[in-house]
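Undergrad: I'd like to ask you about the structure that follows.
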Amino acid sequence: MARHGMLNNAIYRLTILGVLAILVVTPVLAQDEATGDQGEDVFAKIQATSDSLGFGSTAADSLKEVPQIIEPIGGLMGVVDRSPLGRTGAGELFVKGGVFMWWLLAVAIVGFIFIIERLWTLNRARVNTRRLIGTIITTLRNDGVQAASEECQKVRGPIAAILYAGLQKADRGREQVEKAIATAGTIEMSFLERGLIWVSSVTTIAPLMGFLGTVSGMINAFEAIAASEQVNAKLVASGISEALITTATGLIVAIPATIGYNYFVSSIDRFVIEMEETSAELIEELERMKG
């Protein structure tokens, strides 16, 4: 049982570290790629307006070139736009969605990682409850408490853990057995629920971030309309459609995360029911053996 808890802790910590690495490293690498590809162009500009000593041929010429040299030369969207992905339908939408699409991508990755981690953990914790309690009771009747405890240690998961905790207090009365099972159940529930807060956060943050991106896009769209001398329906429609991309993306991220979260909650509820049923059967069997 101790090894089971240590393994869960290690998996959870590795998951957290992986998420943090993705959130920190990916945008930095993408930014480096976006700016690094254009370094030669900037250097060429400097060389074109420089004399042999590296200074502009005249102060006036240098001042004219300064805005061009320090002008923003791309960004994260430039990476996608120049890549093969940028020439696909999804890539074009990603680029049109603006900078908030990167944050939505990070949120989607976080949700995906924790959904996979919870699926793996809960599937490993699932056992045939009826077979397990049958084996424990049979062993308890034939070989005693110690043998039944050893059978519990052969099986991983929360059901076996609470049965093992109850058997360890079998010689101290019903009250102590119930207390040990309740304590073990609380600990196992924390293992089952750990990480769900991240999935739940994705279901809330993704739509809000998508809506924020839409508001930002709408502001830019109306600024473009205000700056345009001739306003037509195409200009208005294209600006609004691009602004709504982030809202659609936020919903696309949030819907699977919501489904996953509800599935995990229902799975944990089943674990709780199984833990209550098996612990009640164990307590009744211990009482019967004493009587």
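Derivation of every value follows stated rules applied to the coordinates shown; laboratory data play no part. Note that this is a predicted model, so its numbers are computed, not measured. Cβ placement follows ideal geometry from the backbone for every residue including glycine, while neighbour counts extend to all protein chains displayed.
Undergrad: Among 155, 107, 127, what is the fewest-to-most ranking by other Cβ atoms within 10 Å?
TA: 127, 155, 107
Undergrad: Next up: Would you please give the FRET efficiency between residue 228 and residue 193, computed as 1/(1 + (r/R0)^6) with r the Cβ-Cβ distance and R0 = 51 Å, to the nearest 0.05?
TA: 0.45
Undergrad: Along the Cα→Cβ direction, 7 angstrom out, place labels at residue 212 and residue 259. What is the inter-label distance in nm?
TA: Here the answer is 2.7 nm between the modelled labels.
Undergrad: Quick one: 101, 189, fewest Cβ neighbours within 10 Å first, how do they rank?
TA: Going from sparsest to densest Cβ surroundings: 189, 101.
Undergrad: Then there is this: In nm, what is the difference between 0.36 nm times the number of residues separating residue 290 and residue 276 and their Cα-Cα distance?
TA: 2.9 nm
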